[in-house]
1. For the stretch 64-166, what is the Kirkwood estimate of the hydrodynamic radius, computed as the reciprocal of the mean inverse distance between distinct Cα atoms, to one decimal in Å?
2. Starting from the Cα of residue 261, step 7 Å toward the Cβ, then list every residue of the stretch 193-235 with an amide N under 16 Å from that point.
3. Once amide H atoms are built 1.01 Å from N in the peptide plane, which residues 5 or more positions from residue 98, or in another chain, come under 5 Å H to H?
4. Amide H neighbours of residue 311 under 5 Å, at least 5 residues apart or on other chains, H built in the peptide plane: list them.
5. By how many nm would the segment from residue 215 to residue 254 grow when fully extended, if each residue of separation counts as 0.36 nm and the alpha-carbon distance is taken off?
6. For each of 115, 82, 325, count neighbouring Cβ atoms within 10 Å of the residue's Cβ, then give the residues from fewest to most.
7. In a solvent-free Debye calculation with one equal scatterer on each Cα, what is log10 I(q)/I(0) for the stretch 171-243 at q = 0.17, 0.22, 0.24, 0.28 Å⁻¹, listed in the order of the q values?
8. HN-Hα J couplings of the stretch 79-84 from phi, Karplus 6.51/-1.76/1.60, θ = phi - 60°, integer Hz, Gly and Pro as x?
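Only the coordinates and a few stated rules stand behind these numbers; no lab work does. Just so it is clear, the model here is predicted, and its values are computed rather than measured. Cβ sites come from the backbone with ideal geometry, for glycine too, and all protein chains shown count toward neighbours.
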Amino acid sequence: MTPRFPLLKRLSALGLGSLLACSSDDETAEQGTNALQPGEPTELLPYTCAADAARASTPADAADVPSGFRDTGRTVGVAVSEAGLQDPAYAATVAAQFGQVTAENEMKWEAIEPEPGVFDFSRADAIVAFAQQNGMQVRGHTLVWHSQLAPWVDTLVGPDAVREAMTRHIQTVVAHYRDNFPGVVVAWDVVNEALNVMQGPMGGTVIYRDSIFYRELGEGFIAEAFRIANETDPNALLFYNDFGVEGSGGAKSTGTFDMVSGLVAAGVPIHGMGFQMHTGPTDQGPNAADFAANIARYAGLGLEVEVTEMDVSLCSIGDNSLGRELQRFRYNRIVSACFESPACRSVSLWGLSDPVSWLNDTGCTQGTLVLDTQPAPLAFDGSFARKAAWWGIYDALTGCSYQ
Ligand code: G3I
């Protein structure tokens, strides 16, 4: 195996005390209080591909690799906005790089059925039409979620009213894409984020998250939603999607696996588990090996898995050369862990470029302190140039899993 990239192992000054990576090709200006200071001692180590893939290129040095993620044969997706796609450079980058898109907000209930029975598909259709024109697949996100719900749904009273609204919503939305864009919306996040971990005296206990659906229909709303979606489009892959369940341990992860196992055992038409993967630059929460172990147990249920919303916030270390190389490492390990399983259908990033990440809404804070850095969590910068993170993903897709 040939050492391919330099690693920087000298992190005590940054309070991490473990292995971090240093980019050889990252020319991003360091900024903020988290920046690695010039002259700090470093210890450079090589890192290598875990699988000794026969790769001709040394992409860290090759600024002109002519392919995008989609050319690797793996399905890599990205969350897009209808507004973003109106920017030709944004649209061109999405089309060149990705084989799948998710509407970041435009397919959510508040956007698509803002009033009872009044459906507005205009912005969502623009995204799906873009995907169709560019030979891409779409993940439908999301049918039943407590958040970004049209306000009128929360005012419904009684199980019949809620069941009727949920049924009409799922049937209308899924049928719309089944009929108007056949074969494009291949998967749906049918239910999103239905479980929660209690805080306070009962801390650690997993409960069904409070929502109008759970209050009025009980936990059975989840199975009902999957059945309605499946009856409407038997060809669509139906996913449960959540955050904080990527590792194999912990209350929420255990509770989620138990819930999904129960759905499978009951014959509910669920086909996959979506791991959101909003994460940080160190290999923890979960580490890649633990993520792989978790994937394996879902695969054991006969389900597919996807990374549905990955981003790697640099708030904890700073958007500097060290942070960006760590980010590359983290992307590489997670994307590798997913695609090393035959059950992994796709990996999606939650946004195209750093300036449009949802994480900018809160920025980098620590308590009441606003840190002098940015989350910068994605694979492209504001000019749609590939970051070090891009190479981490690309390497994973082409068989190079960093050690
Ligand atoms: O559309 C309004 C606009 O009219 C208004 O002027 C503006 C003012 O703030 O707000 C706009 O709405 C925002 C919306 O995104 C569309 O841009 C909301 O404030 C904002 O809260 C909302 O955030 C979205 C968030 O979900 C809401 O929960 C993020 O963009 C979106 O990335 C995020 O995505 C979720 C996934 O769906 C589920 N998993 C977690 C993930 C991250 O939170």
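1. It is 15.1 Å.
2. Correct set: 206.
3. Those lying under 5 Å, H to H, from residue 98 are 70.
4. For residue 311, the qualifying residues are 278, 279, 350.
5. 11.8 nm
6. Ranked by crowding around the Cβ, least crowded first: 115, 82, 325.
7. Debye curve over Cα of the stretch 171-243, log10 I(q)/I(0) at q = 0.17, 0.22, 0.24, 0.28 Å⁻¹: -0.70, -0.96, -1.06, -1.24.
8. 7, 10, 10, 5, 5, x
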